[in-house]
Amino acid sequence: MKTYKIATIPGDGIGKEVVPAGRIVMEAVASSQGDLRFEFENFDWGGDYYRQHGVMMPEDGLDALRGKDAILFGSAGDANIPDHITLWGLRLKICQGLDQYANVRPTRILPGIDGPLKRCAPEDLDWVIVRENSEGEYSGVGGRVHQGHPIEAATDVSIMTRVGVERILRFAFRLAQSRPRKQLTVITKSNAQRHAMVMWDEVAAQVAREFPDVAWDKELVDAATARMVNRPRTLDTIVATNLHADILSDLAAALAGSLGIAPTGNIDPERRYPSMFEPIHGSAFDIMGKGWANPVGTFWSVVMLLEHLGEAAAARRVMAAIEAVTADPALHTRDLGGQAGTDDVTRAVCAHLARHDAARAA
Ligand code: ATP
């Protein structure tokens, strides 16, 4: 029997609905498997915590996470607290504090999902976007002076280090190598940004020599958006900077049918610290508290969490249950044009896991 310590951080908005649903699915897969156990600890950090304590999470919060095997996260964002406080005070604090430098975002059109690209067959879109998650445009370096005066000046300095670029590119090449097509597209903007982006190109060429079996190409980020829409089949694994990949992965999620489906992992590839898994959507205040949130993005994040723990069989079973459920339009939530609620989808995934188990036992 393997026991894993899991931290759950629902955060804000619909995070409080989808993370408990994710936990139910993890308990269902564990109980039907028999050789797997999870010990959960829940952390009530986020907007409500900020209103009580003046911070999104406690100063020593990272210490409480370090001993965990993985983290399941919901969302950070509150209608009454500025976004830079909610983001930097919780999600980025964890990602940077635990050096989760690789953000991995798989995108596929799941069975039963009607994507917006009419000329794209489901098998034409099967990507993993790797986002640099620790520096670049979101390194937090910069400042504001003379606030409110006409001479006010503000900077956000994008920091790219050779170590940072090299490690994310190596991670991306390795991931591309592990996928059937062994293909990587390195995205930059090295025509207009002539320092750090040129360094990305140079480091990419250097790291590529370690992976002779991976076919790789380069694309500028603006051209990449058009290629994603017009020639999705020509892409497989994609690596880009913090900002570029942030934007491209929202586009990818929309092209795959809904923001409510897409998962992500914030990974420490060296496994010094726990990695954190979360749906890519935000707090979605417009549907919060209504029971309408699509939990599939969280369930797919659970699949990534299980894969990261080395529980490949459990991961495959949860993914099969998700795909069986998305294939049934009666189980589509409103973002997919259906009427089902979070609970309906969660129950259906658990029922599928239990059925599979019963079939195996028979
Ligand atoms: P944040 O500021 O925290 O990123 P947001 O509301 O600006 O939050 P999202 O939460 O990403 O942005 O939501 C964008 C839109 O997509 C909203 O209309 C929301 O209702 C919808 N949406 C996002 N996630 C889901 C989901 N899991 N289920 C259903 N609809 C969703």
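Things worth noting here:
- Restricting the search to helices (runs of 4 or more DSSP H) fully inside the range 1-114 and requiring at least 1 residues that are under 25 Å from Phe171 (Cβ atoms) and out of contact with any Pro (no Cβ under 8 Å at 6 or more places or on another chain) gives 61-66, 92-97.
- Among the residues of the range 295-323, the one identified as in contact with a His (Cβ under 8 Å, 6 or more places away or on another chain) and either within 20 Å of Ala252 (Cβ to Cβ) or not assigned by the TED database to the domain that holds Asp335 (or both) is Gly297.
Residues checked against (1) of a type in the set (A, V, I, L, M); (2) more than 25 Å from Ala320 (Cβ to Cβ); (3) within 9 Å of the ligand (Cβ to nearest atom):
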| residue | (1), (2), (3) |
| --- | --- |
| Ala252 | yes, no, no |
| Leu255 | yes, no, no |
| Gly260 | no, no, yes |
| Pro269 | no, yes, no |
| Ile280 | yes, no, yes |
| Ile287 | yes, yes, yes |
| Ala293 | yes, no, yes |
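- Count of residues meeting criterion [free of Cβ contacts under 8 Å to residues at least 24 places away in the same chain and either in contact with an Asp or Glu (Cβ under 6 Å, 6 or more places away or on another chain) or part of a strand (DSSP E or B) (or both)] in the range 140-161: 11
- Contact map, the range 288-308: first residue in a loop (DSSP other than H, G, I, E, B), second residue surrounded by fewer than 24 Cβ atoms within 10 Å (Cβ to Cβ) and basic (Lys, Arg), Cβ cut-off under 7 Å, separation 6 or more or different chains; pairs are Trp292/Arg334.
- Members of the range 339-355 found to be surrounded by fewer than 17 Cβ atoms within 10 Å (Cβ to Cβ) and either on the phi > 0 side of the Ramachandran plot or over 23 Å from the mean Cα position of the chain (by Cα) (or both), listed by number: Gln339, Ala351, Ala354, Arg355
- Residue check for Asp344: in a helix (DSSP H, G or I), away from the ligand (no atom under 11 Å from the Cβ) and assigned by the TED database to the domain that holds Ala70: yes
- Given (1) touching a Gly at 6+ places or on another chain (Cβ under 6 Å); (2) away from the ligand (no atom under 16 Å from the Cβ); (3) small (Gly, Ala, Ser), index of the condition Ala312 fails: (1)
- Residues satisfying the stated conditions in the range 240-282, i.e. modelled with pLDDT of 95 or more, buried (at least 20 other Cβ atoms within 10 Å of the Cβ) and over 14 Å from the mean Cα position of the chain (by Cα): Ala240, Thr241, His244, Pro274
Matching residues to (1) surrounded by 12 or more Cβ atoms within 10 Å (Cβ to Cβ); (2) among the aliphatic types (A, V, I, L, M); (3) under 19 Å from the mean Cα position of the chain (by Cα):
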| residue | (1), (2), (3) |
| --- | --- |
| Tyr138 | yes, no, yes |
| Ala153 | no, yes, no |
| Met160 | yes, yes, no |
| Arg167 | yes, no, yes |
| Arg174 | yes, no, yes |
| Arg181 | yes, no, no |
| Thr188 | yes, no, no |
| Ala192 | no, yes, no |
| His195 | no, no, no |
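- Residue within the range 115-126 that is free of Cβ contacts under 8 Å to residues at least 24 places away in the same chain, among the basic types (Lys, Arg), closer than 26 Å to Ile261 by Cβ and loosely packed, with under 13 Cβ neighbours inside 10 Å present: yes
- Listed by first and then second residue, the pairs linking a residue in the range 238-264 that is on the phi > 0 side of the Ramachandran plot to a residue that is hydrophobic (A, V, I, L, M, F, W, C) and away from the ligand (no atom under 11 Å from the Cβ), with Cβ atoms under 7 Å apart and 6 or more places separating them unless they lie on different chains, are Gly257/Ile109; Gly257/Ile113.
- Here the range 54-113 is the region considered, the condition is being within 16 Å of the ligand (Cβ to nearest atom) and of a type in the set (Phe, Trp, Tyr), and the residue that is surrounded by the fewest Cβ atoms within 10 Å (Cβ to Cβ) is Trp88.
- Search result, residues across the range 320-331 that are in a helix (DSSP H, G or I) and either farther than 11 Å from Leu353 by Cβ or touching a Ser or Thr at 6+ places or on another chain (Cβ under 7 Å) (or both): Glu323, Thr326, Pro329, Ala330, Leu331
- Test set (1) more than 11 Å from the ligand (Cβ to nearest atom); (2) at pLDDT below 95 - Val302 fails condition number: (2)
The values are calculated or read from the model by the stated rules, or taken from the named source; none is laboratory data. Owing to the predicted nature of the structure, the values given are computational and were not obtained by experimental measurement. Counting neighbours? That spans all protein chains shown, and the Cβs are built from the backbone with ideal geometry, glycine included.
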